[in-house]
Amino acid sequence: MRKTATHNTPFGFKPSAPWKATVLLLLIPFSSYSQKFDSRGYLKELGGLSISNNLKTIRYDNIIHHRQETTLEFSNYFEIRFDLRNRLLNGYTVENTPGYADFLDEDPGFVDGSFILIDSDKSILHTQIDRLHLSYFRDNWEFHLGRERINWGKSLVWNPNDLFNAYAYLDFDYEERPSTDAAYLRYSWSYASSFEAGYRFGKTLDESVIALMLRNSLGEYDIQLIGGNYFEEIALGFGWSGYLKDAGFNGEISYFHPKENFPENSGSLTASTGINYMFSNAIYLTSEILYNGGYDKSVNALTQLAQPPTASDLFIAETGYFVSASYPVSPLTNMNLGLLGSFDKAFFILIPQLSYSVSENIDLLVLAQLLKGDLFSEITETPNVLFFRFKWSY
Amino acid sequence: MYSKKVRFSLFLLLGFLSTSLQAQDATEIIRKMDEKARGLSSTSEITMTIVRPTWQRSISMKAWSKGTEYSLILITAPARDEGTAFLKRENEIWNWVPNIGRTLKLPPSMMMQSWMGSDFTNDDLVRESSVVVDYTHEMVGDSVIDGYDCYKIKMIPTPDAPVVWGYVTVWVSKKEHIQMRTEFYDEDGYLVNIMQSFDIRKFDDRMLPSRMEMVPVEDPGNKTVLEYKSLRFNQEISSGFFSIQNMRRIK
């Protein structure tokens, strides 16, 4: 046993009684509770072949992706969550895109949690603090502070109600989806009822999201009402998920109105709705349509597809549709075919995928994103991408 | 997944009062068997292993149930799915996907499908249907299974029951009312699945099998094994425990 705790230290410092009392007080909540530490994550190898329509140009990108998720419960009520997302990127895009490291390094959060550790001609090593928040749970109350995901979406692909951290459907390798730097309070009073309030930190009101949500159940429907300050706009919305006979039926509607010149400026409406159903042969069908009233033509389509969108402008057209069918060929193998397109623009994206459980903790995914239409062929030489991914979870 | 003590759901019917004394006896035996395995509430730790000729996969879970209406399941392994949870309240089912922080409401059409690729259906696990309420029962004989004297009872689904089987034959031990063996027949009378119970031991105050195997007759080398690591009955669980809020937080 070390003696320094009860004797003079080499620096002549002797803990005084009040000091010891303080330490004791701090230790009480920790010692009466066995601290629980949970650590897990995964390692992924993702290869991507980008191919031109005439098959003459083929480019290769590689990402080795490690995620470490750590949870520390240090009393019955408090918990800290810390997730790191580390990616080593190599290949064509790294070698041929000036400023690519800076692009990756952009952290949309209030605090910069993004770090480029290696930036060479051949490789970029990027580390991002993807979640880091303190949580407090007590009875029906929850409070979370820090980098967290606040998921208000009900639909699968497009989420007009997701005011805090809308996500890009095609960015399939970001499985956890983006987070936001925020304070979040939730009070629940029955099995499906809650009041929730969130504040996404910003230097000014126009850089912040301050929004409230009321959730309740109505028959076999879960419904939610949302409203608040969404950056430079006021947002009001409604979402639901329930059943139409044996099918799942969900949707979201949000209305956004600019705060500037409030009466004169007109607002925009964004809405999505979907149906999902599992047939008796285990084919699972999902469908969704979108009206994207906040569509902004000026944004590059590819950039917008791969980047987290805003809740008021979720797609590269004014309307969208998505259908997908998945089928478990065996308990180890799942096939899926998705089609993403628009009613008002001549393009579509075909997304076939196959997943295979190699072992208890290793999964293989083969996935393609085939971008069809002039919209894409005008801005990229290689609108067809084929991905291979191994994932080891621990 | 959903469910709990995964006992196999056979179903039954209180509303269909049979006129014969024998049928009442059979129904009473099934009711006792069901009540014993279910309890008023239960808390369990289960590992399910899907066995195929060339591979096998396991999934472990903690499960809480109250009556037939409420259940909550938390996946504890494999690592990929750890933390995923399922909540059932009467006819509604929710799925918590922890990595994206999202609660999904699952469609009722998912209920009759295979559960995570196993030989069990969602309904088997959640037990939406009832061996007591959704079937009529008929005593058809006696036999000895693994040294246990058993009643052999034929169960026929009632016309509106949410059941895929033509009929089901159950062997129930006479003394302890343990479901020892179950045969599932399709509507053409062909035997589809056999479920057997093994390693009977004491859980709390009652004797129950700690391992159950479901074997599809047509697929040699295939089976799904359920093993109970722990099983506790009739602890106080409020119905408020079965909430979306708790599904997100349960550990």
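Rule-based calculations on the coordinates, nothing more; no lab input. Since we're looking at a predicted model, the values are computed, not measured. Methodologically, a virtual Cβ is constructed for each residue, glycine included, from the backbone with ideal geometry; neighbour enumeration extends over all protein chains shown.
Numbers below:
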read-out: Sequence-separation-based contact order of chain A, relative, with Cα cut under 8 Å and 6+ spacing, percent; value: 12
read-out: Peptide B:94-104, shielding by other chains (average Cβ, 10 Å cutoff); value: 5
read-out: In nm, spacing of pseudo-spin labels at B:Tyr190 and A:Ser330 (7 Å Cα→C-beta vector); value: 2.2
read-out: Cut-off under 5 Å, modelled amide H: who pairs with A:Phe201 long-range; value: A:Asp181, A:Ala182, A:Ala183
read-out: DSSP-loop trypsin sites (Lys or Arg not before Pro) across the stretch A:153-247, with at most 10 other Cβ within 10 angstrom; value: A:Lys203, A:Lys245
read-out: Point-to-point label distance, A:Asn281-B:Ile145, nm (Cα→Cβ direction, 7 Å offset); value: 3.4
read-out: Amide H partners (placed H, <5 Å) of A:Asp130, local residues excluded; value: A:Asp83, A:Leu84, A:Arg85
read-out: Listed residues A:Pro108, A:Pro178, A:Pro309, most fluctuating in chain A (Gaussian network, C-alpha, under 10 Å); value: A:Pro108
read-out: The stretch A:224-234 - phi-based ³J(HN,Hα) in whole Hz, Karplus 6.51/-1.76/1.60, Gly and Pro as x; value: 9, 10, 10, x, x, 8, 10, 6, 8, 10, 9
read-out: Principal-axis tilt of helix A:17-31 within chain A, Cα atoms, nearest 10 degrees; value: 40
read-out: Prolate/oblate/rounded label for the stretch B:137-251 (Cα gyration tensor, a/c 1.5); value: prolate
read-out: Prolate/oblate/rounded call for the stretch A:40-393, Cα gyration tensor, a/c under 1.5 rounded; value: rounded
read-out: Dimensionless Rg over Rh [the protein assembly as shown; C-alpha; Kirkwood]; value: 1.01
read-out: Averaged over A:360-369, number of beta-carbon atoms from partner chains that fall within 10 Å; value: 2
read-out: 10 Å Cβ neighbours from other chains, averaged over peptide A:136-142; value: 1
read-out: Karplus 3J(HN,Hα) series, Hz, for the stretch B:57-64 with 6.51 cos²θ - 1.76 cosθ + 1.60 (x for Gly, Pro); value: 9, 10, 9, 10, 8, 10, 9, 10
read-out: Footprinting exposure proxy for B:Ile30, A:Ile63, B:Ile237 (fewest neighbouring C-beta atoms within 10 Å first); value: B:Ile237, A:Ile63, B:Ile30
read-out: Mean Cα-pair separation over length for the stretch A:333-394, i.e. relative contact order, pairs under 8 Å, 6 or more apart, %; value: 29
read-out: Fraction in percent of alpha-carbon pairs per bin - 10 Å, the stretch B:21-249; value: 7, 31, 39, 19, 3, 0
